[in-house]
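Every read-out reported here was derived from the displayed coordinates using simple, explicitly stated rules and does not represent laboratory data. All values reported here derive from a predicted model rather than from experimental measurement. Every residue, glycine among them, receives a Cβ derived from its backbone with ideal geometry; neighbour counts consider all protein chains shown.
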Amino acid sequence: MGDASGAEQRPHLRATLILSCLAQFMVILDVSVVNVALPSIRSALHFPEQDLQWVVNAYTVTFAGFMLLGGRAADLLGRRRVFVAGLLLFGVASLAGGVAESQGMLIAARAVQGLGGAVIAPASLSILTATFAEGGARNRAVGIWGAMGAAGGSAGVLLGGMLTEWLNWRWILFINVPIGLVAAIAAHQYIAEGRNPERAQSFDLPGAITATAGLSLLVLGIVRTSVTGWGSASTLALMAGGLALLVVFVVIEGRFATAPLMPLRIYRSRTLSAANLVVLMLGAAMFAMWFFVSLYLQQVLGLSPIQAGLCFLPMTALLATCSTLSSRMVQRFGAKTLLTTGMLLMTVGLLLFTDVAAGGSYAGDVLVPSLIVAVGMGIAFVPATLAAVSGVTPHEAGLASGLVNTSRLFGGALGLAILATIATSTTNSDLHRHVAIGAALSDGFQVAFVVAAGFALIGAVIAIVGLPRIPPRGQPAPEREPAPTDERELVAERA
């Protein structure tokens, strides 16, 4: 269960599960919910076309940049405390964005939303990891959490279309306010604190600053490539600066920090390292798929926002169902088998998406591939998450949760930037040869889906090679960190 030293109350298991899953659904949903509302936002606030991307990117940059810090803060300052603070911050930022009357105010609100999400996502997984015992109980809890998170991305397109068409774009933000407030009040009542005061006094400030700044600059450089290109001096400078700060962060953690924000020994776990690489590839394929399918439905097939959203409904339902089932299947087949199978199914589904064409249809070109991808994502996401947090000690659950969430979001940002560049280049080449716009867009999407399938296939290979074979039925921890026995490890643990 949680840290014995830090828990101030016995957690309410069902309420803990519901609140953690609701919060995860909300923050992942907000990654994609604004996509279909962008034309309405542009008209209402008079956004220039080149600046409109920041309504999405402001959220993504702070979400990815602060995720590691948010996960570790949950370990050191208290899981419930950090979780509640994140919910309140997310709600306030959503309200500010909903009432925004200027471009700057909306972008700033979205950035603060991302900060709240960076706290909520790892804290919610950390709460489940520390509350539910490793094995069947944790598998079921993480399975449901994974289903909500995975479904949140595709459900965002549907909800965004409904709210934008039936009310207006501001309601995609307003809806978070009552949810965040109620969840924060309930979390304070039902979730155990899990705080270690001694660890909170030795917070690694230099590590926190370099990790957060480094991740933020790196993601900022990546997401700007859609406008500036990969060869732009400003883009390269941002990415180089981010990488340099991350190198400094690793040096601080390995040589100078007495109580590291991210103890490097956590990477001794082959399971954790391989699982995070797989999640990186999963995010790269998953986020890009949602983006390009949404564009194909609206820009090529001419569907309205709500019609495009409804097209994602079968995928969302199947994805949630398979995520829940995979939490039970992992007991029988093992994480490695399920994860490999899921990534291979994603590869097949993404390759089938290469049939999209200007004269296509939802039933003929989108439905079957989307269902295959949904099954693959549902099967893969839960075992990947379980592998990434299994075997870690309770006081590092937030760190492991922050790492896996960072891997997924960073993979999504990197994959989308790469694929958007490839798709745009292909489309522009077709347009220069006077190919019709619908056919040119479809050609770009086809190439993007091929590369996305490549990401999924790489993830499958990493799972096969990198994950150890774990006996499915006894469910021993895949690779527990060795208990610290030498003087240096004992000092690190006490710090």
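Sort 333-345, 234-246, 102-114 by the packing proxy (mean of other Cβ within 10 Å over each peptide's residues), most packed first. Can you show the working numbers first?
On the way: 333-345: 24.0, 234-246: 16.2, 102-114: 19.7.
Top to bottom by mean Cβ count within 10 Å: 333-345, 102-114, 234-246.
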Give, in nm to one decimal, the length gained when the segment between residue 255 and residue 168 is fully stretched (0.36 nm per residue of separation minus the Cα-Cα distance). 26.1 nm
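How do 407, 94 line up, fewest other C-beta atoms within 10 Å first? Don't skip to the end; give the middle numbers.
Details: 407 23, 94 26.
Fewest-to-most ranking of 407, 94: 407, 94.
Per-residue counts of other Cβ atoms within 10 Å, averaged by peptide: what ranking do you get for 453-466, 274-287, highest first? Show your work: numbers first, answer last.
Numbers: 453-466: 20.4, 274-287: 26.9.
Most protected by this proxy first, the peptides run 274-287, 453-466.
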Taking every C-alpha to C-alpha distance in the chain and binning by 20 Å from 0, the per-bin percentages run 25, 60, 15, 0
How many angstrom lie between the C-alpha centres of the stretch 353-371 and the stretch 216-291? 34 Å
Taking 0.36 nm per residue of sequence separation and subtracting the Cα-Cα distance, how much length would be gained by fully extending the chain between residue 355 and residue 99, in nm to one decimal? 88.0 nm
Within the chain, what's the longest stretch lacking GluC sites (Glu not before Pro) that sit in DSSP loops with no more than 12 other Cβ atoms inside 10 Å? 102-495
Counting helices only, and only those DSSP H runs with n ≥ 4, report the 222 nm mean residue ellipticity of the chain as the sum of -39,500 (n - 2.57) divided by its residues, in deg cm²/dmol to the nearest 500. -25000 deg cm²/dmol
